[in-house]
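Engineer: What follows is a structure written as structure tokens; I'll ask about it next.
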């Protein structure tokens, strides 16, 4: 198993734990119509046939929807262009910070929803805050795991 795959799986395990701690249900199943994931106010579904890296990226995207668009602090519902651009930009930032390569998939996805530099600029604060929150919690989870292994 390559370093990239192992790293993806480690990050994925921590992300799954983070999502569970938030009380969000997570399911892996076959999805129809080309969808790779969906977020439904407290439940995330991800296509079970994806690679570890793709699964991580999709799961961050759907988790971003939960945090940004389904939470208690939800602002007025933005357009689908804004909603999808924000979630994918968060996934991109988190993946890049963890050295997981998803650039082309993110660019393609944002273009699919007509996202552009103007949309990204208007949402930059929300994207940065949400990505930082996820990364902080993932890093804390990794530190907790490391500390518990050294204590044993």
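Engineer: In this structure, does residue 64 turn out to be touching a strand residue (DSSP E or B) at 6+ places or on another chain (Cβ under 8 Å) and at pLDDT 95 or above?
Structural biologist: No, not satisfied.
Conditions (1) more than 14 Å from the chain's Cα centre (by Cα); (2) touching a residue at least 40 places away in the same chain (Cβ under 8 Å); (3) outside any helix (DSSP H, G or I); (4) surrounded by 14 or more Cβ atoms within 10 Å (Cβ to Cβ), marked per residue:
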{"residue": "92", "(1), (2), (3), (4)": "no, no, no, yes"}
{"residue": "100", "(1), (2), (3), (4)": "no, yes, yes, yes"}
{"residue": "107", "(1), (2), (3), (4)": "yes, no, no, no"}
{"residue": "114", "(1), (2), (3), (4)": "yes, no, yes, no"}
{"residue": "119", "(1), (2), (3), (4)": "yes, no, no, yes"}
{"residue": "124", "(1), (2), (3), (4)": "yes, no, no, no"}
{"residue": "127", "(1), (2), (3), (4)": "no, yes, no, yes"}
{"residue": "134", "(1), (2), (3), (4)": "no, yes, no, yes"}
{"residue": "138", "(1), (2), (3), (4)": "no, yes, no, yes"}
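Engineer: Also, quick follow-up: How about segment 1-40: which of its residues are out of contact with any strand residue (DSSP E or B) (no Cβ under 9 Å at 6 or more places or on another chain), loosely packed, with under 11 Cβ neighbours inside 10 Å and under 23 Å from residue 83 (Cα atoms)?
Structural biologist: Once the filter is applied, which keeps residues that are out of contact with any strand residue (DSSP E or B) (no Cβ under 9 Å at 6 or more places or on another chain), loosely packed, with under 11 Cβ neighbours inside 10 Å and under 23 Å from residue 83 (Cα atoms), segment 1-40 yields 23, 32, 33, 34.
Engineer: I've got another one for you. Criterion first (closer than 18 Å to residue 92 by Cα and not in a loop (DSSP other than H, G, I, E, B)) does residue 14 satisfy it?
Structural biologist: yes
The values are calculated or read from the model by the stated rules, or taken from the named source; none is laboratory data. Source: prediction; values computed, not measured. Note: ideal-geometry Cβ built from the backbone for every residue, glycine included; neighbour counts use all protein chains shown.
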